[in-house]
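Here is the structure we will look at, set down as C-alpha cells.
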Amino acid sequence: VQPTFSLSVTAQRYTIVPGKTLEVTVSVTRENGFNLPVEISLSPISDPKIDQMITAVPVTSDAKGDTAKAVKLVLSATEDAIYQGWIQIVGRSIEEGEKTIATTATATYSLRPEIELKNLWLNVRPAK
C-alpha cells in the first residue's frame, strides 16, 4: 500500500471582491504513513489574463506540526478582476531524495459521501 494524501475543502462556491483576498481552508488527510510536505496551490485557469487577475501564493502543509492537517490558501483578486467560473486547488508532495515519487491530488468538496467534486466555483464581483 503506497503512502498518499488527499485534500478537501468545506465549500463548493467562493466569492472574492475585486482588490480583496479570500482565505480557503484546505484540509490535508495523510494516509498509509504519508510523511512528506505538500505544496498546495491554485491550478492555472485556462485564460492567462484571468491567471494574472486571480492568484494565490502556494502554501506548504508540513508533515508534522500546525500545518500537517490544514492550511489556509489565500486567493487574491486584482482591482479590475471580473470572473465567474471553475477553479481547482491542487497539492503536490515535495520530494525528499531521489527515491521519492511525486504524488499529486486535487482538493474535493464532498457533496454527498459518494460524490466528490473537484471543480470549485469562484465569483469575483464587487460588494453590494
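Pairs of lysines in the chain whose Cα atoms sit within less than 24 Å of one another amount to 8, provided the residues are eight or more positions apart or on different chains. Rounded to the nearest 20, the size of the Cβ-charge dipole of the chain about its Cα centre is 420 debye, with Lys and Arg at +1 and Asp and Glu at -1.
When the accessible area of the chain is computed with all protein chains present and a 1.4 Å probe, what percentage of it is carbon and sulfur? C and S fraction of accessible area: 51 percent.
Over segment 1-120, accessible surface divided per residue gives 60 Å², non-protein components excluded, 1.4 Å probe. Our coupling estimate for segment 110-122, obtained by passing each phi through the Karplus curve with A = 6.51, B = -1.76, C = 1.60 and θ = phi - 60°, is 8, 5, 8, x, 9, 10, 10, 9, 8, 8, 10, 9, 10 Hz, Gly and Pro reported as x. The phi torsions of segment 39-51, fed into the Karplus equation with coefficients 6.51, -1.76 and 1.60 and a -60° offset, translate into couplings of 8, 10, 8, 8, 5, x, 7, 4, 10, x, 5, 5, 4 Hz, rounded to whole numbers, with Gly and Pro shown as x. Can you find, among ASN32, ALA63, TRP121, the residue sitting farthest towards the positive end of the charge dipole of the chain, where Lys and Arg contribute +1 and Asp and Glu -1 at Cβ? Of the candidates, TRP121 comes out farthest on the positive side. Which Cα, out of THR104, ILE16, GLN2, lies furthest along the positive dipole direction of the chain (beta carbon charges, K/R +1, D/E -1)? Ranked along the dipole, the leading option is ILE16. For segment 21-40, the residues whose backbone nitrogen is under 14 Å from a point 7 Å from the Cα of ALA68, taken along Cα to Cβ, are 28-38. Computed from the C-beta positions of GLU116 and GLN84 and an R0 of 22 Å, the FRET efficiency is 0.45 to the nearest 0.05. Here the Gaussian network model covers the chain, with springs between Cα atoms less than 10 Å apart; of ARG30, ARG112, ARG92, ARG112 fluctuates the most. Computed on the Cα trace of segment 1-63, the radius of gyration divided by the Kirkwood hydrodynamic radius gives Rg/Rh = 1.04. For ASP51 and ASN32, the difference between the fully extended length at 0.36 nm per residue and the C-alpha to C-alpha distance is 3.3 nm.
The values are calculated or read from the model by the stated rules, or taken from the named source; none is laboratory data. Keep in mind the model is a prediction, meaning the values are calculated, not measured. Neighbour counts run over all protein chains shown; Cβ positions are idealised from the backbone, glycine included. Accessible surface is based on the protein model in full, side chains and every heavy atom, while ligands, DNA and RNA are left aside. Shrake-Rupley method; radii C 1.70, N 1.55, O 1.52, S 1.80 Å.
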